[in-house]
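**Student:** Have a look at this one before I ask anything.
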Amino acid sequence: MSFLDTHTIYFLTLLGNLIMLLMLAIFAKTTGFEGLMRYYIYGKLLQTIGAALGVFRWLIPVDLSVILGNSFVYLGGALEVYCIIYVDRIPLAGVTKRWIQVVAGITVGFTLLYLAGANIGTRVFVSAMILAGYSLAAAAGLFWRKNTTNLRKIVAIFFVVLAASQVVRALDALPRGGNYPLFAASSLQTMSFIGLYMHTLISTMAYLLISREVIDVKLKKAATRDYLTGIYNRMQFIQLSEKLTSLMVRQQKSTTIFMIDFDYFKVINDTYGHDAGDRVLIHFSQKMQSIIRNEDLFGRYGGEEFIIFAPNTTAEDALAMGRKIRAAIELGLAEDTALPGYTVSIGTATMIPGTLADMNTLIVRADQALLHAKRSGRNQIVQFAVDGDE
């Protein structure tokens, strides 16, 4: 079928890259997504130029066309894979350096191979295996990363299939050597070029989908997490606490609320500056997260006031936990002498909840106990007694 000849498919690959570039530019402008988007666009642009040099090879000397065309494809492909793997985080400088070294080695190696007089079958074999390696690197980076999603696993499978198509192309080209025609009208060659075209579509759509997923995760985090400390904000804490309270009501287990407030926090801000105050809040939050249990909920209730929901916790457990908090703060300040010294007052309330409304009762009682701790000299733990006396 004439509309599926290899020249047409190769030209469609070039056209596809141009369309993908346009889609990426529109996506970046409309969503404001940053990350590595700019570098991904650069990668697509390099691949487009490389493909164009293959189609319009007669415009410049053949040797220069082959060397530059393949080099641009290798560089662009590496940028593409790099951005897909690290779409939601900026990699360490050492990681980026290793990527640059590998890609530089690939580009120089192919150039030397061409200048050494390698036949077209060998060159196609090497190029196809390089592209297969890129696809497998993308698959591995998506599938085996921490907290991977179902979307990324599906995309990883597609990349494995694309890698397999390139391996088939490589194994077909190598034994033919100098007799391998680049645009041969064969079913296998047609399938390999279709594989390249599918790679253009799948990789870009995958990047856009994963980018959209990253944006959604960030929006969800912004809606549920405190912007400074990264712990639950008040709204999310209350919502999760209500669910845990319902569970405690059914199980009839003792539950404790901790209300924690900094002592003289305004003095820290006025003396050392608000940046130092922020560092104190972050330091405290990190220390708390290192000592609370997995089942405990920890959130910022407002300003310099924090709250803990501790299920399956008796009054005795709560007192021990309060002492542990104070000890952790003292140890942390001893380890970080550059941080302004600080103390906290802690109020706790414990009961076996009978209804969901008892969660609000616990918060009110813990807040009353905290107020008593403040009035009694600060830097102490006060527990709300059942009869109302602390």
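**Student:** Could you calculate the FRET efficiency of LEU15 with THR111 from 1/(1 + (r/R0)^6), where r is the beta carbon distance between them and R0 is 35 Å, rounded to 0.05?
**Tutor:** Details: r = 27 Å, r/R0 = 0.79.
For R0 = 35 Å, the calculated efficiency reads 0.80.
**Student:** Could you list, in their original order, any pairs among LYS324/LYS374; LYS243/LYS324; LYS221/LYS253; LYS146/LYS221 whose Cα atoms are separated by more than 21 Å?
**Tutor:** LYS243/LYS324; LYS221/LYS253
**Student:** Based on C-alpha coordinates, I'd like the Rg and Dmax of segment 142-259, in Å.
**Tutor:** Calculated on Cα positions, Rg and Dmax stand at 25.5, 80 Å.
**Student:** Further, regarding this structure: If the cut-off is a Cα-Cα distance under 22 Å, which lysines reach LYS29, setting aside same-chain residues fewer than 8 apart in sequence?
**Tutor:** Cα-Cα hits under 22 Å: LYS44, LYS218, LYS220.
**Student:** Sticking with this structure for a sec: Evaluate the relative contact order of segment 109-180 (contact order divided by residue number), counting alpha-carbon pairs under 8 angstrom at least 6 apart; express in whole percent.
**Tutor:** Normalised by residue count, the contact order of segment 109-180 is 47 percent.
**Student:** Give the separation of the Cα centroids, segment 45-119 to segment 125-181, in Å.
**Tutor:** What the calculation gives is 16 Å, centre to centre.
**Student:** From Cα pairs below 8 angstrom and at least 6 apart in sequence, can you work out the relative contact order of the chain, rounded to a whole percent? Provide the component values of the computation, followed by the final result.
**Tutor:** On the way: 526 pairs, mean separation 53.1, N = 390.
In percent, rounded to a whole number, it is 14.
**Student:** Additional query: In units of 2.2 N^0.38 Å, what is the alpha-carbon radius of gyration of segment 242-390?
**Tutor:** Relative to the 2.2 N^0.38 Å estimate, segment 242-390 comes out at 1.05.
**Student:** What does the helix-only formula give at 222 nm for the chain: each DSSP H stretch with n ≥ 4 adding -39500 (n - 2.57), the total divided by the residues, and the result rounded to the nearest 500 deg cm²/dmol? Can you show the working numbers first?
**Tutor:** Numbers: 12 runs with 261 residues, N = 390.
Calculated mean residue ellipticity at 222 nm is -23500 deg cm²/dmol.
**Student:** For segment 94-176, give the magnitude of the charge dipole about the Cα centre (Cβ charges: +1 Lys/Arg, -1 Asp/Glu; no others), in debye to the nearest 20. Don't skip to the end; give the middle numbers.
**Tutor:** Details: 9 positive and 1 negative charges, 66 e Å.
Value, rounded to 20: 320 debye.
**Student:** Helix 234-251 versus the longest principal axis of the chain: what angle, 0 to 90°, nearest 10, using Cα atoms?
**Tutor:** That helix lies at roughly 70 degrees to the long axis.
**Student:** Further question: Positive end of the charge dipole of the chain (Lys, Arg +1 and Asp, Glu -1 on Cβ, about the Cα centre): tell me which of THR13, ALA223, LEU45 has its Cα farthest that way.
**Tutor:** Toward the positive end, the furthest listed residue is THR13.
**Student:** Accessible area of the chain with a 1.4 Å probe: how many percent of it is carbon plus sulfur?
**Tutor:** Working: 12460 of 19640 Å².
Roughly 63 percent, rounded to a whole number.
**Student:** About the Cα centre of segment 270-390, how large is the charge dipole given +1 on each Lys and Arg Cβ and -1 on each Asp and Glu Cβ? Please answer in debye to the nearest 20. Spell out each step's value before the answer.
**Tutor:** On the way: 11 positive and 17 negative charges, 23 e Å.
For this selection, approximately 120 debye.
**Student:** Along segment 73-78, what does the Karplus equation 6.51 cos²θ - 1.76 cosθ + 1.60 (θ = phi - 60°) give for ³J(HN,Hα), rounded to whole Hz, x for Gly and Pro?
**Tutor:** 5, 5, 5, x, x, 5
**Student:** A further question follows. Calculate how steeply helix 93-115 sits against the longest principal axis of the alpha-carbon atoms of the chain, using the helix alpha-carbon long axis, and give the answer as 0 to 90 degrees to the nearest 10.
**Tutor:** Value to nearest ten degrees: 10.
**Student:** Using the eigenvalues of the Cα gyration tensor, what equivalent ellipsoid semi-axes result for the chain when each is taken as the square root of five times the eigenvalue, whole Å, largest first?
**Tutor:** Working: eigenvalues 771, 95, 56 Å².
Largest first, the chain gives 62, 22, 17 Å.
**Student:** Whole-Hz Karplus ³J(HN,Hα) for segment 40-52, in order, using 6.51 cos²θ - 1.76 cosθ + 1.60 and θ = phi - 60°, x for Gly and Pro?
**Tutor:** 5, 4, 4, x, 5, 5, 4, 5, 5, 5, x, 5, 5
**Student:** Residues with beta-carbon under 14 Å from that of LEU219, excluding LEU219: net charge, scoring Lys, Arg +1 and Asp, Glu -1?
**Tutor:** Local net charge: +2.
**Student:** So which aspartates and glutamates pass the test for LYS266, namely a Cα distance under 15 Å, with those fewer than 8 places away in the same chain ruled out?
**Tutor:** List returned: ASP275, ASP278, GLU304, GLU305.
The values are calculated or read from the model by the stated rules, or taken from the named source; none is laboratory data. Fair warning: this is a prediction, and the values are worked out from it, not measured in the lab. Using ideal geometry, Cβ is built from the backbone for each residue, glycine included, and neighbour counts are taken over all protein chains shown. Side chains are part of the model used for accessible areas, which takes the heavy atoms of the whole protein and leaves out ligands, DNA and RNA. Shrake-Rupley method; radii C 1.70, N 1.55, O 1.52, S 1.80 Å.
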